[in-house]
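First the structure, in the form of structure tokens, and then the observations on it.
Values quoted throughout were computed directly from the atomic coordinates according to the rules given, and no laboratory measurement underlies them. None of the values given here were measured: they were computed from a predicted structure. Cβ sites come from the backbone with ideal geometry, for glycine too, and all protein chains shown count toward neighbours.
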Amino acid sequence: AQTVTQSQPEMSVQEAETVTLSCTYDTSENNYYLFWYKQPPSRQMILVIRQEAYKQQNATENRFSVNFQKAAKSFSLKISDSQLGDTAMYFCAFMIYNQGGKLIFGQGTELSVKP
Amino acid sequence: DVKVTQSSRYLVKRTGEKVFLECVQDMDHENMFWYRQDPGLGLRLIYFSYDVKMKEKGDIPEGYSVSREKKERFSLILESASTNQTSMYLCASSLLGRPGETQYFGPGTRLLVL
């Protein structure tokens with residue numbers, strides 16, 4: 001069975017600082033995708049960043065980047081220059097290639113950005 | 001932009017009632033999903049559908065059923081609501097065919113069963 005683990009239930013960071021959210025996963029599959037989704041307070045969940053497992057290069061999206069370590073099954077999210085609008089619940093998720101697009105989610109990390 | 005809407009933001013029901021949660025998407029997506037979100041557990045997949053009248057069980061289908069009569073609409077049904085079904089329910093949709101497609105989420109329905 002595939003599992004995703006986020007070991008940090010809550011984190012906080014000062015505005016303009018950098019923060020890293022951890023995620024590990026377990027699978028015997030070789031072809032899969034990894035995602036970070038963001039759920040702001042009382043707002044809809046949106047995709048932050050996606051990584052394809054066969055790509056060695058780490059994905060980046062503006063201030064968001066990942067550190068993908070396939071052998072260690074680790075997929076952390078780094079947020080640079082944190083902004084107040086980054087305050088949200090962040091979910092790490094995993095999708096196996098050709099399994100109907102199902103996502104398996106971690107428990108979530110609640111990030112607070114403080115002024 | 002993709003829009004996924006859910007019929008209610010908040011719902012209060014009594015134990016034993018039949019509950020319908022509706023989800024509509026406007027981007028002609030083939031895949032639709034129902035998740036429940038609980039603190040400390042993240043999101044867990046209840047059911048999903050990749051076509052009209054097709055459905056597949058997710059990880060926690062017990063106590064739920066679904067209906068997909070039209071491509072844009074996916075309903076979650078609690079046949080006899082119980083207090084342990086108090087939760088946040090999220091609907092999502094995505095395109096079929098291209099691996100790794102983004103799922104687009106609705107705003108969620110927070111259900112309280114008394």
Query raised in the report: If contacts are Cα pairs under 8 angstrom and at least 6 residues apart, what is the relative contact order of region B:5-114 in percent?
Result: 36
**Report entry** Of A:K38/A:K73; A:K73/B:K70; A:K102/B:K18; A:K55/B:K53; B:K13/B:K70, pairs whose Cα-Cα distance is over 32 Å
**Finding:** A:K73/B:K70; A:K55/B:K53
Query raised in the report: Taking the Cα centre of chain B as origin and charging only Cβ (+1 Lys, Arg; -1 Asp, Glu), how large is the dipole, in debye to the nearest 20?
Result: 280
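Rounded, prolate or oblate for chain B? Axes are the square roots of the Cα gyration tensor eigenvalues, ordered a ≥ b ≥ c, and the cut-off for rounded is a/c under 1.5.
Prolate, because a/c is 1.5 or more and a/b exceeds b/c.
For region A:5-47, calculate the relative contact order in percent as a whole number, restricting contacts to Cα pairs under 8 Å that are 6 or more residues apart. Display every interim value, and only then the final one.
Details: 21 pairs, mean separation 12.3, N = 43.
Once divided by the residue count of region A:5-47, the mean separation gives 29 percent.
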Report summary line: Dividing the mean separation of Cα pairs under 8 Å (6+ apart) by the residue count of chain A yields a relative contact order in percent of 37
